[in-house]
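Peer 1: Mind looking over this structure? Questions follow.
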């Protein structure tokens, strides 16, 4: 007779409900593939949303870790704190395997959780937390496990990528693009975490820890979102041969790691520039592999359930599965560097009242004086809003210098707006 | 104390030598990641090419399966028959795990080998057999394991892709492109298996069996290579908005599977059309995942060793690993369809002596009469070789009709050459 694995699904929103139906439908084939029989022993949510045998309904989610019969708990509550945190900590402490889609939780408490999982010899899997439809976590942990990865980057958030694509191809302004994303279910009602780059940051911290074999570093990460990007930027970028993308990138150089999330101008012909709509991509560079890229849907119930269920099967198949590939206590030690001393070419945009058009020359002069050299210039008179825009692409300059200049310009208050977007060569 | 795994590497060409050095260098980190200690117990080749402790040198490769100490045999001899076949069958029968990069062997004997492995509860892993640097086998077996995949396609051969890219971007003719590939180590001295599409066919059979959960079907596959493509075809394709690629594609519809390998015209803006040089890509379409694409280096010692070593670690980590995801005896039953009744738009090219230019109208007329309609025409007078070329893009037509027409035209012998390349919409 086959071994049996009893699972509890806690949280029955879009994802949880889809997962429940999916696992019931696929029970037979999944059992063939894992050689273990999967039984959904309990499900739980605040409200009972669909018909469920009474004996499967769990009243209090915090009971799940204590029920002896349960082998594995699928946490789909969400959020780094509160119920999700309580549940996952308690589950691992009670020697239950855990599968979660919760990037915020793993990003914040992954180190602690992994330690408990390792000590108690249970699994903690989180493929769905990072770019759902792209099996990147599993690939780093298995298919690419012998590689020394030095760089990981890509587009990790479908919401912002959809917005930027709509601003580009449908010529929508930021607000309309956001509304469109919301109406299609691609953006949450409160899209702050997506727009501010926090969602990408969570994913990047997890990828960075896995790729570089380090602990998760929650603090040392540069984060900017896309709130400041408007449709003119997208258009000007196009004219200059670039696309604007919200990029997540982590890189290791010797003993240093840099983690950064910001909107970046990418050359038109860069692979990552061509990822449009809700798609995500992840690029890994390392030895001996060279460069591997994966492209797929980053979110939505389908992609997420593919990831969650693959994690469940992985646990059913057994074997040694450290949450972060090597024991937390044996991780490499790195220093983290901020980006101040990195060199960037940059896109600068100054909006001036038409009567102040003559300031253009003085802007360029000030930049030159500070050794920020210019490689491309666009001047644009916009009769509609009576503004004159000066768009510059600088040559490489230290980030802190660029930021200092921008601060100075902003302080002057004679410019209607001053923008600064980095160019990244990926 | 950690468990220890003793391996034997049989075959020390480019790949085997690189693997030996790699595993020795990485022993510590690989042991951390797998929680098992890896020991290269024996190596073997026809000639001893580098310094090796005497007690590690195995005189007869066929002894390896009989040595009790050995847990895992890495087969890097190559070829579907002969020594490689003997070794792998014997290894599995003697309850040794096997890791191989041998696509010809797996494609031909994979079903039989998997049965033995299943019966003897040992692992048979072959990530390196398919698109080396892309962890696609592991992804189908693990990260995407719960998906029902309905289509798999891509560019699975770096040699032919390099040749086609060189014909396109460097304007080389076929022979020069082949020579360039050989001088750079991208093509073998005897490149027949690559050029004729046999290498792609091996990989496609393996992918198809894994994706559709069927046994490997060795016979029912349509195979054409690129020998017949010349630089004019590449140029004309460009003018018409296409790239010529050697495509491998397998698809499941209801109870039918189609497996095909042929040079195809792909629309310029197709992702697969943009894979250039020695790169490979694999696209998987299925439920619930949607579409996932992976891009990476398809061959060479580095990519191959990444794949082989990840297989070794996977075995070291333990757990249930069926060679083809479900037991061979429980595979889905499919019928295999040939492509005769599939509909294709097609690229046709007729070369005529200049004095026979007037035949152009009669060609188009004959096609129309057989209900093969034309959507685009290019006429080209080539004063250099005193030929007139008529290039046509047809509307959709059954494959057998197109082929019958081409046969008829060829039989006439008034055309200097008659070409037929399918257009594939991927």
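The values are calculated or read from the model by the stated rules, or taken from the named source; none is laboratory data. Just so it is clear, the model here is predicted, and its values are computed rather than measured. Positions of Cβ are backbone-derived with ideal geometry, glycine not excepted, and every protein chain shown enters the neighbour counts.
Peer 1: Output the residues belonging to the range A:121-133 that are closer than 23 Å to residue A:12 by Cα and either within 13 Å of chain B (Cβ to nearest Cβ) or without any contact (Cβ under 8 Å) to a residue 40 or more places away in the chain (or both).
Peer 2: Step one: of the range A:121-133, the residues closer than 23 Å to residue A:12 by Cα are A:123-133.
A:123, A:125, A:126, A:127, A:128, A:130, A:131, A:132, A:133, listed by residue number.
Peer 1: Quick check, is residue B:118 within 14 Å of another protein chain (Cβ to nearest Cβ) and either in a helix (DSSP H, G or I) or closer than 30 Å to residue B:68 by Cα (or both)?
Peer 2: Numbers: within 14 Å of another protein chain (Cβ to nearest Cβ): yes; either in a helix (DSSP H, G or I) or closer than 30 Å to residue B:68 by Cα (or both): yes.
Answer is yes for this residue.
Peer 1: Scan the range A:25-67 residue by residue and report those that are exposed (fewer than 13 other Cβ atoms within 10 Å of the Cβ) and under 16 Å from residue A:316 (Cα atoms).
Peer 2: The answer is A:28, and nothing else.
Peer 1: While we're here: Of the conditions (1) in contact with a helix residue (DSSP H, G or I) (Cβ under 7 Å, 6 or more places away or on another chain); (2) assigned by TED's automatic domain parsing to the domain that holds residue A:201, residue A:102 satisfies every one except a single condition; which number is it?
Peer 2: It is condition (2) that residue A:102 fails.
Peer 1: Sticking with this structure for a sec: Condition check: surrounded by 11 or more Cβ atoms within 10 Å (Cβ to Cβ) and touching a helix residue (DSSP H, G or I) at 6+ places or on another chain (Cβ under 9 Å). Does residue A:393 satisfy that?
Peer 2: So residue A:393 does not fit the description; no.
Peer 1: Quick one: is residue A:413 over 34 Å from the mean Cα position of the chain (by Cα), farther than 27 Å from residue A:274 by Cα and at pLDDT 95 or above?
Peer 2: Numbers: over 34 Å from the mean Cα position of the chain (by Cα): yes; farther than 27 Å from residue A:274 by Cα: yes; at pLDDT 95 or above: no.
No: the conditions fail for residue A:413.
Peer 1: Let me ask something else about it. Among the numbered criteria (1) within 14 Å of chain B (Cβ to nearest Cβ); (2) surrounded by fewer than 22 Cβ atoms within 10 Å (Cβ to Cβ); (3) under 21 Å from residue A:247 (Cα atoms), which one does residue A:168 miss?
Peer 2: (1)
Peer 1: Quick check: is even one residue across the range A:344-357 part of a helix (DSSP H, G or I), away from chain B (no Cβ under 14 Å) and either touching a helix residue (DSSP H, G or I) at 6+ places or on another chain (Cβ under 9 Å) or surrounded by 14 or more Cβ atoms within 10 Å (Cβ to Cβ) (or both)?
Peer 2: There is at least one residue in the range A:344-357 that is part of a helix (DSSP H, G or I), away from chain B (no Cβ under 14 Å) and either touching a helix residue (DSSP H, G or I) at 6+ places or on another chain (Cβ under 9 Å) or surrounded by 14 or more Cβ atoms within 10 Å (Cβ to Cβ) (or both).
Peer 1: While we're looking at this one, here's another question. Could you check the range B:248-280 and list, in sequence order, the residues that are within 12 Å of chain A (Cβ to nearest Cβ), surrounded by fewer than 24 Cβ atoms within 10 Å (Cβ to Cβ) and assigned to a strand (DSSP E or B)?
Peer 2: The answer is B:279, and nothing else.
Peer 1: Given the residues A:70, A:155, A:134, which is the only one that is outside the structural domain of residue A:256 (by TED's automatic domain parsing), in contact with a strand residue (DSSP E or B) (Cβ under 7 Å, 6 or more places away or on another chain) and crowded, with 24+ Cβ neighbours inside 10 Å?
Peer 2: Sole residue among the options that is outside the structural domain of residue A:256 (by TED's automatic domain parsing), in contact with a strand residue (DSSP E or B) (Cβ under 7 Å, 6 or more places away or on another chain) and crowded, with 24+ Cβ neighbours inside 10 Å: A:134.
Peer 1: Which of the residues that make up the range B:90-117 are more than 19 Å from residue B:42 (Cα to Cα) and either touching a strand residue (DSSP E or B) at 6+ places or on another chain (Cβ under 9 Å) or at pLDDT below 95 (or both)?
Peer 2: Scanning the range B:90-117 gives B:102, B:105, B:106, B:110, B:113, B:114, B:116, B:117.
Peer 1: Going residue by residue through the range A:367-384, is there one that turns out to be within 14 Å of chain B (Cβ to nearest Cβ), within 34 Å of the chain's Cα centre (by Cα), farther than 30 Å from residue B:282 by Cα and exposed (fewer than 15 other Cβ atoms within 10 Å of the Cβ)?
Peer 2: No; the residues of the range A:367-384 include none that is within 14 Å of chain B (Cβ to nearest Cβ), within 34 Å of the chain's Cα centre (by Cα), farther than 30 Å from residue B:282 by Cα and exposed (fewer than 15 other Cβ atoms within 10 Å of the Cβ).
Peer 1: Please determine whether any residue of the range A:285-294 is outside any loop (DSSP other than H, G, I, E, B) and within 24 Å of residue A:340 (Cα to Cα).
Peer 2: Yes, because at least one residue in the range A:285-294 is outside any loop (DSSP other than H, G, I, E, B) and within 24 Å of residue A:340 (Cα to Cα).
Peer 1: For the range B:325-333, indicate whether the set of residues that are within 12 Å of chain A (Cβ to nearest Cβ), assigned to a loop (DSSP other than H, G, I, E, B), touching a residue at least 24 places away in the same chain (Cβ under 8 Å) and over 30 Å from residue B:30 (Cβ atoms) is non-empty. Give the steps one after another, and end with the answer.
Peer 2: Residues of the range B:325-333 within 12 Å of chain A (Cβ to nearest Cβ): B:325-332.
Pick out the ones that are also assigned to a loop (DSSP other than H, G, I, E, B) and you get B:325-327, B:331-332.
This time we only want the ones that are touching a residue at least 24 places away in the same chain (Cβ under 8 Å), so: B:325-327, B:331-332.
From what is left, the residues that are over 30 Å from residue B:30 (Cβ atoms) are B:331-332.
Among the residues of the range B:325-333, at least one is within 12 Å of chain A (Cβ to nearest Cβ), assigned to a loop (DSSP other than H, G, I, E, B), touching a residue at least 24 places away in the same chain (Cβ under 8 Å) and over 30 Å from residue B:30 (Cβ atoms), which makes the answer yes.
Peer 1: Only one of B:287, B:302 is surrounded by fewer than 17 Cβ atoms within 10 Å (Cβ to Cβ), modelled with pLDDT of 95 or more, over 30 Å from residue B:380 (Cβ atoms) and within 9 Å of another protein chain (Cβ to nearest Cβ); which?
Peer 2: None of the others qualify; the one that does is B:287.
Peer 1: Shifting gears a bit: Among the residues that make up the range A:211-232, is at least one of them touching a helix residue (DSSP H, G or I) at 6+ places or on another chain (Cβ under 8 Å), in contact (Cβ under 8 Å) with a residue 24 or more places away in the chain, within 13 Å of residue A:156 (Cα to Cα) and crowded, with 24+ Cβ neighbours inside 10 Å?
Peer 2: Looking through the range A:211-232, none of the residues is touching a helix residue (DSSP H, G or I) at 6+ places or on another chain (Cβ under 8 Å), in contact (Cβ under 8 Å) with a residue 24 or more places away in the chain, within 13 Å of residue A:156 (Cα to Cα) and crowded, with 24+ Cβ neighbours inside 10 Å.
Peer 1: Let me ask something else about it. Give me a count of the residues in the range A:80-89 that are out of contact with any strand residue (DSSP E or B) (no Cβ under 8 Å at 6 or more places or on another chain), surrounded by 13 or more Cβ atoms within 10 Å (Cβ to Cβ) and assigned to a helix (DSSP H, G or I). I'd like the intermediate steps shown before the answer.
Peer 2: At the first step, the residues of the range A:80-89 found to be out of contact with any strand residue (DSSP E or B) (no Cβ under 8 Å at 6 or more places or on another chain) are A:80-83, A:85-86, A:89.
Of the ones still in play, those that are also surrounded by 13 or more Cβ atoms within 10 Å (Cβ to Cβ) are A:80, A:83, A:85-86, A:89.
Restricting the remaining residues to those that are assigned to a helix (DSSP H, G or I) gives A:83, A:85-86, A:89.
Going through the range A:80-89 one residue at a time, the tally reaches 4.
Peer 1: Could you say whether any residue in the range A:3-14 is within 22 Å of residue A:313 (Cα to Cα), touching a strand residue (DSSP E or B) at 6+ places or on another chain (Cβ under 7 Å), at pLDDT 95 or above and surrounded by fewer than 20 Cβ atoms within 10 Å (Cβ to Cβ)?
Peer 2: Looking through the range A:3-14, at least one residue is within 22 Å of residue A:313 (Cα to Cα), touching a strand residue (DSSP E or B) at 6+ places or on another chain (Cβ under 7 Å), at pLDDT 95 or above and surrounded by fewer than 20 Cβ atoms within 10 Å (Cβ to Cβ).
Peer 1: Listed residues A:348, A:387, A:367; which is at pLDDT below 95 and in contact with a strand residue (DSSP E or B) (Cβ under 9 Å, 6 or more places away or on another chain)? Can you show your working first?
Peer 2: Working: A:348 fails: at pLDDT below 95; A:367 fails: at pLDDT below 95.
Criteria check complete, one pass: A:387.
Peer 1: Out of the range A:10-36, which residues are in contact with a helix residue (DSSP H, G or I) (Cβ under 7 Å, 6 or more places away or on another chain) and within 13 Å of chain B (Cβ to nearest Cβ)?
Peer 2: Once the filter is applied, which keeps residues that are in contact with a helix residue (DSSP H, G or I) (Cβ under 7 Å, 6 or more places away or on another chain) and within 13 Å of chain B (Cβ to nearest Cβ), the range A:10-36 yields A:14, A:15, A:18, A:19, A:22, A:23, A:30, A:32, A:33, A:34, A:36.
Peer 1: Further question on the same structure: When you go through B:366, B:371, B:403 one by one, which is the residue that is over 23 Å from residue B:230 (Cβ atoms) and assigned to a helix (DSSP H, G or I)?
Peer 2: B:366
Peer 1: Just to be sure, is residue B:113 within 14 Å of residue B:323 (Cα to Cα), touching a helix residue (DSSP H, G or I) at 6+ places or on another chain (Cβ under 8 Å) and not in a strand (DSSP E or B)?
Peer 2: For residue B:113, the condition - within 14 Å of residue B:323 (Cα to Cα), touching a helix residue (DSSP H, G or I) at 6+ places or on another chain (Cβ under 8 Å) and not in a strand (DSSP E or B) - is met.
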